[in-house]
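A short write-up of the structure that comes next.
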Amino acid sequence: MRVVVLAAIIVLNGWPTQHRAALHTAKLEVELRSIVAASGAEIAVAFKTLDGRSELLIEPDVAFHAASTMKVPVMIELFKQADAGKLSLQDPLLVRNEFHSIVDNSLFTLSSGADSDKAVYAADGRTLTLAQLCEAMITVSSNFAANLLIEKLGVENIRNTVTQLGAEGMQVLRGVEDQKAFDKGLNNSTTARGLMVLFERIGSGTAVGRKPDAAMVDILKRQKFNDGIPAGLPKNVAVAHKTGNITRIHHDAGIVFAKRPYVLVILVRGIQDSKQSGALMAKMSRAVYNSVR
């Protein structure tokens, strides 16, 4: 047995790099599919190293409610318009809790009790900069900040940018808490592949440009909710990511800055307890990290 193992190691070390990467990816797929099967949930996974040598897709084109992952294309559109000189990140914007439904243009307001951030509500009637709103939208997933930015930037512009980036699986229809739209099934949705494309673009500096993309990475690294992908990694590994969490939906997607940086997207549907789904994502994240060579 020892001779066989040594021979296998010699053969593996003698293979071209792409063959070794393929072997690790095949082993990873078996492990991840086993975790998915045991969970009883609907799960989609997209994994790709930024060097392009390794990629794994599990149900990559199945649509899920996007939850707060849809805030990533909002951020990209903000930096795109800033890069084009249409606005400045330091421009002030009036904080006003008044939005329009995409169904009939009727007004609705957001509830602070249903949001993960209170600071933007405290600024109601005053101004915050676009940069401050973006920071709140990403790092603490402020719905109020997201809706303000969506109305400022224009949802059609956000959709067009997503299409131009080749991430059609991400569908941004509206802001958050538009109950009339929700009742009609008009929800933001995403696929694992769509999110992977967006993060791959950011990670390679081709979403807007190297400087603005680097600034977006810095914001994503300040994410405050870290019970998913980061929880499965060593403490010294940085992650630039965005989570999404609503009833029976829990997602995490981002760039893991391992020795070989990679994009990882995990979408979960069907688990009521977010602690359970977070632990599941952490387990999958750890498996991916251990497979990357």
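The values are calculated or read from the model by the stated rules, or taken from the named source; none is laboratory data. Because the structure is predicted, anything quoted here is derived from the model rather than measured. Cβ coordinates were reconstructed from backbone atoms using ideal geometry, including for glycine residues, and neighbour counts include every protein chain displayed.
Quick notes on this one:
- Take the conditions (1) at pLDDT below 95; (2) more than 30 Å from Arg201 (Cβ to Cβ); Leu110 misses just one of them, which is (2).
- Residues within region 226-276 that are farther than 21 Å from Pro60 by Cα, among the charged types (D, E, K, R) and touching a helix residue (DSSP H, G or I) at 6+ places or on another chain (Cβ under 8 Å), tallied: 1
- The single condition from (1) modelled with pLDDT of 95 or more; (2) surrounded by fewer than 18 Cβ atoms within 10 Å (Cβ to Cβ); (3) touching a helix residue (DSSP H, G or I) at 6+ places or on another chain (Cβ under 7 Å) that Ala131 fails is (3).
- Count - residues of region 62-117 that are in a loop (DSSP other than H, G, I, E, B) and under 13 Å from Leu133 (Cα atoms): 7
- Single residue of Ile229, Ile150, Ile158, Ile219 found to be touching a strand residue (DSSP E or B) at 6+ places or on another chain (Cβ under 7 Å) and touching a residue at least 12 places away in the same chain (Cβ under 8 Å): Ile229
- Of all residues in region 177-214, those satisfying the criterion of being of a type in the set (Gly, Ala, Ser), surrounded by fewer than 19 Cβ atoms within 10 Å (Cβ to Cβ) and part of a helix (DSSP H, G or I) are Ser204, Ala214.
Results for (1) farther than 21 Å from Arg174 by Cα; (2) surrounded by fewer than 16 Cβ atoms within 10 Å (Cβ to Cβ); (3) without any contact (Cβ under 8 Å) to a residue 24 or more places away in the chain; (4) touching a His at 6+ places or on another chain (Cβ under 6 Å), shown as yes or no for each residue.
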residue	(1), (2), (3), (4)
Phe64	no, no, no, no
Met70	no, no, no, no
Ala82	yes, no, no, no
Val95	no, no, no, no
Glu98	no, yes, yes, no
Val120	no, no, no, no
Gly125	yes, yes, no, no
Met137	no, no, no, no
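- Inspection of region 155-171 identifies at least one residue that is in a helix (DSSP H, G or I), surrounded by fewer than 21 Cβ atoms within 10 Å (Cβ to Cβ) and touching a helix residue (DSSP H, G or I) at 6+ places or on another chain (Cβ under 7 Å).
- Restricting attention to region 238-254 and to residues that are among the hydrophobic types (A, V, I, L, M, F, W, C) and under 13 Å from the mean Cα position of the chain (by Cα), the residue that is nearest to Leu264 (Cα to Cα) turns out to be Ala253.
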